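In what follows, a single structure is set out as structure tokens and then discussed.
No value in this document is a laboratory result; all are computed from the given coordinates. What you see is a predicted model, and the numbers here were worked out from it, not measured in a lab. We place every Cβ from the backbone using ideal geometry, glycine too, and count neighbours over all the protein chains shown.
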Amino acid sequence: MKFLVTGGAGFIGKWLLEKLPTNAEVVVLDSLDQQVHRKLHDFSPEVKERATCIQADVQNIEDYQSEIEGTDVIIHLASQTGTGQSMYEISRYVQENVNGTAKLLELVSKLNSKPRRIILSSSRAVYGDGAYTDGKEIYYPKGRRLEDLQQGIWEVHNDRGRPLTFLPMQESHLTQPTSVYGLTKLWQEQLMQNYCESQGIDLVTLRFQNVYGPKQELGNPYTGIIGIFTNAIAQGKRLELFEDGQVTRDFVFVGDVAEAVVRCALHPASLSSIINVGMGQAVTLIDVVEAIAALLHKPADYTVSGRFRVGDIRHAVADMSHYETLLGSWFPISLKAGLSQYLEWYLEQEPLSHAVLQASLREMERSGLLLSKHG
Ligand code: UD1
């Protein structure tokens, strides 16, 4: 079998390469983006050993048709991933995520033999705020109102001001992204779906929750909170929790995510489906900080600032029943076990300077996208 992995030198890609069958041919196309790959100007030895490597932006993929001919499965991981950053670097996110996917599909249309399957790494960001209930009906809020956030009303409520209960995200739920990043992921999904349906290609769209684990780039301040929080706690710096610290996320270990991708890639029958990939448990920001601090034997020094990121969602957790129906049992590792592996790796890396993190926050403040509640 032959695989093409776009973004294959990245965080999830590296884990994936280790899990693909050893007798499979693998081509990796990756731009080695400097925001992600700090000071890296060539593919790492582990990637070079496993795959034929092409250093290129996915928007220029048409130049590499001959290397890509004969591919059975395309795994499209290449994307810009910062939710906050996408709200001010709008055209870059649209160019790289949407035009990149369009260019990939244009290349597929020129291939002499079409791939059997395409796996798209999408995101739970496409659900936006997700689905809520009052016990009777389902509501799909269209993002939280700025006036509410400015008053410190963090939870989603109905028209009469009664808080609603968040429902685990199901693939059938409405998609209403609240960030530019989420929009670009939804456009990727729709482009892929439109094209693959017309060509009879088996499309598997995986909606990842918050992926973390060893090999997640530390030099990138837009890389997710487990890295940001670990950096601060390990360096004895105070960290900032937005809103009231009770935001929840579903943190899924990268090894489990890579396993899910491989299961889809090797599945014998057609899948043609959208599938959630998360641990299936909601964890608050405060609980994540406490867990990291306990494992590092350091104090959990944080402020709950009441500031908020425009475009952020309040709660997220995946309903994994569709995955289990299609692909079998899902036994993700616990947050504690995953964090232990992450921290063991982290302690051997060069940490990100706190100044870089602060600069990324100032950038958001300047763009009016990191606001404070009044009073
Ligand atoms: C993340 C990923 C996105 C992915 C999505 C679903 C990043 C940057 N984004 O989005 O690519 O598709 O999960 O898998 O990895 N926060 C603080 N203090 C800080 C920084 C953040 O309290 O210093 C809060 C944020 O306001 C947010 C939460 O932590 O409520 C998580 O933020 P973040 O890690 O940036 O990720 P998501 O927006 O969840």
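Could you let me know the centre-to-centre spacing of segment 25-58 and segment 280-307, using Cα atoms, in angstrom?
33
If I build a Gaussian network model for the chain, linking alpha-carbon pairs within less than 10 angstrom, which residue out of Leu241, Leu167, Leu326 has the largest mean-square fluctuation?
Leu326
Looking only at Pro115, Pro268, Pro163, which one moves most when the chain is put into a Gaussian network model with springs between Cα atoms under 10 Å?
For the chain, modelled as a Gaussian network with Cα springs under 10 Å, the answer is Pro268.
What is segment 171-326 by shape, rounded, prolate or oblate, if you read a ≥ b ≥ c off the alpha carbon gyration tensor as root eigenvalues and call it rounded for a/c under 1.5, prolate for a/b larger than b/c, and oblate otherwise? Walk me through the numbers before you get to the answer.
Details: a/c = 2.41, a/b = 1.87, b/c = 1.29.
Prolate.
Using the Karplus curve 6.51 cos²θ - 1.76 cosθ + 1.60 with θ = phi - 60°, work out ³J(HN,Hα) for each residue of segment 298-306 in order, rounded to whole Hz, and write x for Gly and Pro.
10, x, 8, 9, 9, 10, 9, 8, x
Mind running the shape call on segment 31-72? Use the C-alpha gyration tensor, a ≥ b ≥ c as the square roots of the eigenvalues: rounded below 1.5 for a/c, prolate if a/b tops b/c, oblate otherwise.
Numbers: a/c = 3.10, a/b = 1.44, b/c = 2.16.
Because a/c hits 1.5 or more and a/b fails to exceed b/c, segment 31-72 counts as oblate.
How much net charge surrounds Ser113 when only other residues with a Cβ under 12 Å from its Cβ are counted (Lys, Arg +1; Asp, Glu -1)? Could you put the intermediate results ahead of the total?
On the way: positive: Lys2, Lys110, Lys114, Arg116; negative: Glu69, Asp72.
My count for the surroundings of Ser113 gives +2.
Report the residue, chosen from Gly100, Gly182, Gly152, that carries the largest GNM mean-square fluctuation when the chain is represented by alpha-carbon nodes joined by springs under 10 Å.
Gly152
Using helices alone, what [θ] at 222 nm do you get for the chain, with -39,500 (n - 2.57) per DSSP H run of 4 or more residues, divided over all residues and rounded to the nearest 500? Spell out each step's value before the answer.
Numbers: 14 runs with 130 residues, N = 375.
Counting only the DSSP helices, I get -10000 deg cm²/dmol.
Averaging over every viewing direction, what projected area does the convex hull of the Cα atoms of segment 2-372 cover, in nm²?
Values: hull surface 72.2 nm².
For segment 2-372, the mean projected area of the Cα convex hull comes to 18.0 nm².
Which Cα, out of Leu296, Ile61, His267, lies furthest along the positive dipole direction of the chain (beta carbon charges, K/R +1, D/E -1)?
Sorting the options by dipole projection puts first Leu296.
About the Cα centre, and with charges only on the beta carbon of Lys, Arg (+1) and Asp, Glu (-1), how big is the dipole of segment 2-372? Nearest 20 debye, please.
Working: 34 positive and 45 negative charges, 65 e Å.
Once rounded to the nearest 20, the dipole reads 320 debye.
By how many degrees, between 0 and 90 and to the nearest 10, does the Cα long axis of helix 225-234 differ from the longest principal axis of the chain?
With rounding to tens, the tilt is 60 degrees.
From the square roots a ≥ b ≥ c of the eigenvalues of the alpha-carbon gyration tensor of segment 19-172, which class results: rounded (a/c under 1.5), prolate (a/b over b/c), or oblate?
Prolate.
By DSSP, what percent of the beta bridges with both residues in the chain are antiparallel, rounded to the nearest 5?
Working: 11 of 47 bridges.
For the chain, the DSSP antiparallel bridge percentage is about 25.
One quarter of the convex hull surface, Cα atoms only: what value does that give for segment 261-375 in nm²? Before the final figure, lay out the partial values.
On the way: hull surface 43.0 nm².
The Cα convex hull of segment 261-375, projected and averaged over all directions, gives 10.7 nm².
Using the alpha-carbon atoms, what tilt in degrees (0 to 90, nearest 10) does helix 285-296 show relative to the longest principal axis of the chain?
Between helix and principal axis, roughly 80 degrees.
Just flag the trypsin sites (Lys or Arg not before Pro) in segment 155-230 sitting in loop per DSSP whose Cβ has no more than 15 other Cβ atoms within 10 Å. Spell out each step's value before the answer.
Working: sites: Arg160, Lys185, Arg207, Lys215; in loops: Arg160, Lys215.
Loop-located and lightly packed - Arg160.
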